[in-house]
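**Q** Sharing a structure with you now.
The values are calculated or read from the model by the stated rules, or taken from the named source; none is laboratory data. These figures come from a predicted structure and were not determined experimentally. When we count neighbours, we look across all protein chains shown, and the Cβ atoms used for this are built from the backbone with ideal geometry, even at glycine. Surface accessibility is based on the protein's heavy atoms, side chains included, excluding ligands, DNA and RNA. Shrake-Rupley method; radii C 1.70, N 1.55, O 1.52, S 1.80 Å.
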Amino acid sequence: MSIVLENLERLKEAAKLENISDEHMKVLQNPVQVSYAELSVNGKQLPAWRIIYNRALGPGKGGIRFHPEVSEDEVQSLAFWMSLKNSLADIPYGGAKGGVKFNPKESSPEEIEEISRAYARAFADKLGQDKDVPAPDVYTNGQIMAYILDEFEKIQGHHEPGMITGKPIELGGIALRGDSTAQGGYLVTKEMMKKFLIGKDSAKIAVQGYGNAGLFMAEKLAADGHLIVAASDSKGGVYNDQGLDVKALSAWKHSGNSVNDFPGGTKVSNAELLELPVNILVLAALENQITAENAERIMAPCIVELANGPINLEADRILANRKTIVVPDILANSGGVIVSYFEWAQNRTGQILDEEYLRDLLDKKMKSGWQRVVEKFEEKNGEITLRQAAYILAIKRILAAEKYRGRIK
Ligand code: GLU
């Protein structure tokens, strides 16, 4: 089943649990705007998308992904998850996502700059601080945001830093953005441990994906005395039941090596890492990592989805039957877009907000998201999943906005 169809199933399930009518759910069945272009760069034609799934709560918001596997199904699903994520986080955004299908690991820096600028040109009339606001996602970063901003501003003939977030600080970005996804994930993981892993002062944790989100998350959890026993990147992973030296592992990764070759443990594949005997599994790579094929073999009682969509629908059901606790992506990785919102708000008002204040605000927002999800979960006597609880809350807020706008009765 495509991810888009799986998401429609998830929507249906959530609507049924809360008796939301089909009539109301209709507005969430399709994206409101699908834009497609082919970027001509160095004689190649690269498929590119920008999709707004919903904008009842505000302008489109969500990252741009550069990856060889990008497809319309994927971008639309990511845009859908952004809509729910922004709604659950209580920030004034709809949901959107973009992507370009190519392999940035096989492209020169000059080519990546050209692709970023071509992207901005292709979608310039669709983007803007009050229309749709991109940010980094898989294999994109602050430099790429800077190229897109620069190209966009050249076309518009004026400065508009609020048209994109995750920018370098010199162009209106904020320091907090760098590790914000991990910080948000870390805060909810601590809350999850308090509720579902009582008394585990030193939990064993495996982290799939040692990029921006996974690396910072591992460092934060290790600093609290937890054992990061396994980690991986796209080439494979490393395992040490006594705990990896996380600082050394991060330094190893920063100097361009693969986690797979790290000398502090034995090699494991990405698939093997998922099935290790750990207390918590952090999924920080890509979609569809846990499926019906491996769900029965997952030993971790708790999973945190730092990536978007790492567990597919069938696996969700298997894990729910096994009472595995899954902190869903739309809550666990929302720290990134929450800090994007701080950046956007600062760009728009021209005010500079104190970093301590913003750190506190992120902390409060993550905890409040967690509490609201747990309350809904308990209201249903724990018979639904945390994902279903989060979906219900997110859907209801979007539908309330749609109702005020008169799109539904
Ligand atoms: N790409 C991130 C996500 O999936 C951040 C999006 C944003 O900041 O707009 O949530």
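**Q** Pull up segment 34-52, narrow it to residues that are of a type outside the set (Gly, Ala, Ser) and within 12 Å of Gly98 (Cβ to Cβ), then point me to the one that is most open to solvent (accessible area, probe 1.4 Å).
**A** Going through the qualifying residues, I end up with Tyr36.
**Q** If I filter segment 211-218 for residues that are in a helix (DSSP H, G or I), aromatic (Phe, Trp, Tyr), out of contact with any helix residue (DSSP H, G or I) (no Cβ under 9 Å at 6 or more places or on another chain) and within 23 Å of Ala332 (Cα to Cα), do I get at least one hit?
**A** no
**Q** A follow-up question, please. Tell me which residues, restricted to segment 62-88, are open to solvent by less than 10 Å² (accessible area, probe 1.4 Å), over 12 Å from the mean Cα position of the chain (by Cα) and not β-branched (Val, Ile, Thr).
**A** If the condition is that a residue be open to solvent by less than 10 Å² (accessible area, probe 1.4 Å), over 12 Å from the mean Cα position of the chain (by Cα) and not β-branched (Val, Ile, Thr), then Phe66, Ser87, Leu88 are the ones that fit.
**Q** Based on what the data block shows, is Ala307 of a type outside the set (Asp, Glu), closer than 23 Å to Met82 by Cα, within 16 Å of the ligand (Cβ to nearest atom) and in contact with a strand residue (DSSP E or B) (Cβ under 7 Å, 6 or more places away or on another chain)? If you could, list the steps in order and put the result at the bottom.
**A** Details: of a type outside the set (Asp, Glu): yes; closer than 23 Å to Met82 by Cα: yes; within 16 Å of the ligand (Cβ to nearest atom): yes; in contact with a strand residue (DSSP E or B) (Cβ under 7 Å, 6 or more places away or on another chain): yes.
Answer is yes for this residue.
**Q** Out of (1) surrounded by 21 or more Cβ atoms within 10 Å (Cβ to Cβ); (2) of a type outside the set (S, T, N, Q); (3) under 18 Å from Ile205 (Cα atoms), what's the single condition that is false for Asp316?
**A** Asp316 satisfies every listed condition except (3).
**Q** Please specify each residue of segment 314-340 satisfying the condition of being β-branched (Val, Ile, Thr), part of a helix (DSSP H, G or I) and either touching a residue at least 60 places away in the same chain (Cβ under 8 Å) or near the ligand (Cβ under 9 Å from one of its atoms) (or both).
**A** Keep residues of segment 314-340 that are β-branched (Val, Ile, Thr), which gives 318, 324-327, 330, 337-339.
Keeping just the survivors that are part of a helix (DSSP H, G or I) gives 318, 330, 337-339.
If the condition is that a residue be β-branched (Val, Ile, Thr), part of a helix (DSSP H, G or I) and either touching a residue at least 60 places away in the same chain (Cβ under 8 Å) or near the ligand (Cβ under 9 Å from one of its atoms) (or both), then Ile330, Val337, Ile338, Val339 are the ones that fit.
**Q** For segment 118-132, indicate whether the set of residues that are of a type in the set (S, T, N, Q), open to solvent by 10 Å² or more (accessible area, probe 1.4 Å), more than 15 Å from the ligand (Cβ to nearest atom) and over 25 Å from Lys253 (Cα atoms) is non-empty.
**A** At the first step, the residues of segment 118-132 found to be of a type in the set (S, T, N, Q) are 129.
Then keep just the ones that are open to solvent by 10 Å² or more (accessible area, probe 1.4 Å); that gives 129.
Filter once more, keeping what is more than 15 Å from the ligand (Cβ to nearest atom): none.
Among the residues of segment 118-132, not one is of a type in the set (S, T, N, Q), open to solvent by 10 Å² or more (accessible area, probe 1.4 Å), more than 15 Å from the ligand (Cβ to nearest atom) and over 25 Å from Lys253 (Cα atoms), which makes the answer no.
**Q** So, one more: Go through segment 140-160 residue by residue and tally those that are part of a helix (DSSP H, G or I) and either basic (Lys, Arg) or open to solvent by less than 40 Å² (accessible area, probe 1.4 Å) (or both).
**A** Here is the first cut: in segment 140-160, the ones part of a helix (DSSP H, G or I) are 142-156.
Imposing the further condition that a residue be either basic (Lys, Arg) or open to solvent by less than 40 Å² (accessible area, probe 1.4 Å) (or both) reduces the set to 142, 144-146, 148-149, 151-154.
Looking only at that region, the number is 10.
**Q** Against the condition closer than 29 Å to Val4 by Cα and of a type in the set (A, V, I, L, M, F, W, C), how does Phe102 come out, does it pass? Break it down into steps so the answer makes sense when it comes.
**A** On the way: closer than 29 Å to Val4 by Cα: yes; of a type in the set (A, V, I, L, M, F, W, C): yes.
When the stated conditions are applied, Phe102 passes them.
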